[in-house]
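The values are calculated or read from the model by the stated rules, or taken from the named source; none is laboratory data. As the structure is a prediction and not an experimental result, all values here were calculated from the model. Neighbour counts run over all protein chains shown; Cβ positions are idealised from the backbone, glycine included.
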Amino acid sequence: MDYGMIGEIRLFVGKWAPIGWLFCEGQQIPQRQYSALWSVIAYQYGGSGEIFHLPNLAPLKETASGHEGDAVSTVRYVICHEGLYPSRP
């Protein structure tokens, strides 16, 4: 996955988040460890003090053919925490 803009959200079909990206599942994140991401989203999705939350975006479940009972693929949202820092206007 190419470098994204810090705070950018994309869809991803892998079972793991790529390097520099985190799943958007509402998890609590330490501000010191992810300071660049915190500077972009801060407490927009919750948190206080040294902890902030990522957005909680539910995974999308798709079937191969659209028929119930077929193989299911899960598409999840990821947010960039390492990459290009967005410029301000």
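Some points to look at:
Quick grid of which residues meet (1) in contact with a helix residue (DSSP H, G or I) (Cβ under 9 Å, 6 or more places away or on another chain); (2) loosely packed, with under 13 Cβ neighbours inside 10 Å:
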residue: 8; (1), (2): no, no
residue: 11; (1), (2): no, yes
residue: 19; (1), (2): no, yes
residue: 29; (1), (2): yes, no
residue: 33; (1), (2): no, yes
residue: 36; (1), (2): no, no
residue: 40; (1), (2): no, no
residue: 46; (1), (2): no, no
residue: 52; (1), (2): yes, no
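- Complete set of residues in the stretch 1-32 that are out of contact with any His (no Cβ under 9 Å at 6 or more places or on another chain), in a loop (DSSP other than H, G, I, E, B) and either among the hydroxyl-bearing types (Ser, Thr, Tyr) or more than 11 Å from residue 76 (Cβ to Cβ) (or both): 1, 2, 3, 8, 18, 19, 31, 32
- Residue match in the stretch 64-76 (condition: modelled with pLDDT under 95, surrounded by 16 or more Cβ atoms within 10 Å (Cβ to Cβ) and of a type outside the set (Gly, Ala, Ser)): yes
- Just one of (1) among the polar types (S, T, N, Q); (2) part of a strand (DSSP E or B); (3) modelled with pLDDT of 90 or more fails for residue 39. It is (2).
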